[in-house]
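All remarks here apply to the structure that follows.
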Amino acid sequence: EASVQLPRDEERNSHAVANRVSVLARLWRHARQAPGYEPETGRLIHLHAQRLAALLSKPSTFIASTNHGVMQNIGLLQLVAAFPALPDAAALRTLALKRLNMQLPGWIAGDGAVLEHSAGYHFHGTVLSGYVVRLLTLIGEPVPPAWNDAHQRALAFLATLQRPDRSLPQYGNTFRYAWQLPPVLGVDDDAWLKVLRERPSQVQLFPISGHAVWWSATSAAQTPTHTHIPWGYFAEHGHRRAQELSLLVWAGGTDWSTNTGYWPGDDPPGIVITDGWAGGNGPHMMGEAAAAPRRSRLRAHAEASGLRVIDIEREAPTTTGAPLRVRRQVLQWQGSTWIVLDTHADPLQRTLRVIWTAAPETTQQPGTGSSFRLEREGSPVAMVVSVSGRPAVATTPVRGSREPFAGWVAFDRRAAAAPAIDARQPSAESGAWMLTTLALTSDRAERRAEMTSFTDAEHWTLRLDQGDAAGGGDAMLELTREGETLRLLPTGQGRSAIAPTTLRLMRAT
């Protein structure tokens, strides 16, 4: 490396240089203990440590807005820990701390989430923040309270985001596998897993970073369920992907509603596609660019008596001067039925598209009308997905489609064909809505919601078929929204099994 005049490929990439520090530290540990050790070996290793320090501390190569910059500073702290005899060790320590303290507020949010648009990169950031705390302790540097607190908040958010099988929702650049914290962080793995599997039902809202996580320890489908709804978007931060307002649903070890995940790095065209709206199930207009400016926000939310609801919206400028507004309301009933209402106002009158994708190991069969049944061998439950709308929605079942792109889920550096439903709705001047029901079921019933009245996004009534209500006959639920009020009214022969409920939606400030 000392002989390189013009670096090739990614030799000087911040990620690569920081990783080489770890390798060099290990080499030094072994070299100085090896039989026949010669001082010249130590001199060469220390010269290379100085070379890496120069690269990592160079102002023009510092990447302040992503985890790469954090890794650069971790590399500097590793150099200080492994090579305390470096003549500029004190300066390196000071520089690393100055940079880290500058980065922290924009990297880990006050609610604990790493602001890099990805469940996988939240895990990575949790590990990196733990490395910062550990390295500062090793070199005898007091750990700034802000860093200690940020690491603990990141761990807490991770414990909320992770499922009992150690998987993470495939939001953003996230690999599909079991994620396990490294032992060096000092987290008791058995205790961690126990928390994931025994936590009580809970609703967690993270308004700063833009996440909602619903965990149901029990559900009407007799299985725990995990729901993740991300809407945060930070234009200048890393790993930006067009996936805001997605709905990610896990139950019984299966992703019943997911995004594509981290596409293999050796397929640049695939990366471009999956960085766009085709890589997730967020509602979007055909032709929207992944890199277009936009912002999203939480409008309202509520929870009571087995009913959870969230109302989120995305806004983007258009060439007309009037903005595009895409809005998604998600209702969850008894932990196992999700009702998704997508509405929009688009001055360009484009087609609304939503791609509902399930895990590759599931199979998809057509049901009645625009409904589809997803099953997985050995699973006690199946998922029925039903779509309707005004104007009428066209639903196309796909699996591993290249053109148009749909029906793919990425693993670690590979991708697999997966069942998906490509739902498209033609433009409408006003009053357009798309209604999707995702219902876990252990029988052959096709439970779905039907819109009975729609004025606008805050004034509507829909009906949900609940099937047999604990042996009391058919139960229908009527859900009505009137501004800030949401009412649930049971009807049908089984209505006595369900109590009427009124929710006051909490408006976001």
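The values are calculated or read from the model by the stated rules, or taken from the named source; none is laboratory data. Keep in mind it's a predicted model, so treat the numbers as computed, not measured. We place every Cβ from the backbone using ideal geometry, glycine too, and count neighbours over all the protein chains shown. Heavy atoms of the whole protein, side chains included, go into the accessibility calculation; ligands, DNA and RNA do not. Shrake-Rupley method; radii C 1.70, N 1.55, O 1.52, S 1.80 Å.
More than 17 Å from M451 (Cα to Cα), more than 24 Å from the chain's Cα centre (by Cα) and not aromatic (F, W, Y) - does that describe any residue in the stretch 403-420? The answer is yes, given that some residue of the stretch 403-420 is more than 17 Å from M451 (Cα to Cα), more than 24 Å from the chain's Cα centre (by Cα) and not aromatic (F, W, Y).
Let's see how each residue does on (1) open to solvent by less than 10 Å² (accessible area, probe 1.4 Å); (2) touching a residue at least 12 places away in the same chain (Cβ under 8 Å):
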site	(1), (2)
D88	no, yes
I108	yes, yes
L115	no, yes
Y121	no, yes
T137	no, no
E141	no, yes
P164	no, yes
L185	no, yes
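Scan the stretch 405-458 residue by residue and report those that are among the acidic types (D, E), without any contact (Cβ under 8 Å) to a residue 60 or more places away in the chain and surrounded by 15 or more Cβ atoms within 10 Å (Cβ to Cβ). Passing the criteria: only E458. Kindly indicate whether any position in the stretch 211-224 is under 24 Å from I108 (Cα atoms) and crowded, with 24+ Cβ neighbours inside 10 Å. The answer is yes, given that some residue of the stretch 211-224 is under 24 Å from I108 (Cα atoms) and crowded, with 24+ Cβ neighbours inside 10 Å.
Scanning the stretch 313-358 for residues that are closer than 27 Å to S371 by Cα, aliphatic (A, V, I, L, M) and open to solvent by 40 Å² or more (accessible area, probe 1.4 Å) yields a single hit, A345. Taken over the stretch 63-84, the criterion of being out of contact with any Leu (no Cβ under 7 Å at 6 or more places or on another chain), part of a helix (DSSP H, G or I) and closer than 13 Å to G125 by Cβ is satisfied by H68, G69. Within the set of pairs 6+ apart or on separate chains, which have a first residue in the stretch 251-264 that is closer than 17 Å to P419 by Cα, a second that is assigned to a loop (DSSP other than H, G, I, E, B) and aromatic (F, W, Y), and C-beta atoms under 7 Å apart? Pairs that qualify, where the first residue is closer than 17 Å to P419 by Cα and the partner is assigned to a loop (DSSP other than H, G, I, E, B) and aromatic (F, W, Y), are N259/Y171; G261/F175. Restricted to strands (runs of 3 or more DSSP E) entirely inside the stretch 276-392, those with at least 1 residues that are hydroxyl-bearing (S, T, Y) are 295-304, 337-345, 352-357, 363-366, 371-375, 382-390. Among strands (runs of 3 or more DSSP E) entirely within the stretch 174-252, having at least 1 residues that are closer than 24 Å to T441 by Cα and small (G, A, S) singles out 211-216, 248-251. The single condition from (1) touching a Phe, Trp or Tyr at 6+ places or on another chain (Cβ under 9 Å); (2) assigned to a helix (DSSP H, G or I); (3) within 28 Å of H237 (Cα to Cα) that L55 fails is (1). Counting residues in the stretch 105-116 that are in a helix (DSSP H, G or I), aliphatic (A, V, I, L, M) and at pLDDT 95 or above gives zero. On inspection, A31 fails the criterion of being part of a loop (DSSP other than H, G, I, E, B), in contact with a helix residue (DSSP H, G or I) (Cβ under 8 Å, 6 or more places away or on another chain), in contact (Cβ under 8 Å) with a residue 12 or more places away in the chain and of a type in the set (A, V, I, L, M).
When the residues of the stretch 253-275 are filtered to those that are part of a loop (DSSP other than H, G, I, E, B) and under 30 Å from G378 (Cα atoms), which remaining residue is most open to solvent (accessible area, probe 1.4 Å)?
Of everything passing the filter in the stretch 253-275, Y262 is most open to solvent (accessible area, probe 1.4 Å).
In the stretch 1-28, of all residues being assigned to a helix (DSSP H, G or I) and open to solvent by 80 Å² or more (accessible area, probe 1.4 Å), the one that is farthest from V70 (Cα to Cα) corresponds to L27. The single condition among (1) open to solvent by less than 10 Å² (accessible area, probe 1.4 Å); (2) modelled with pLDDT under 95 that P283 does not meet is (2).
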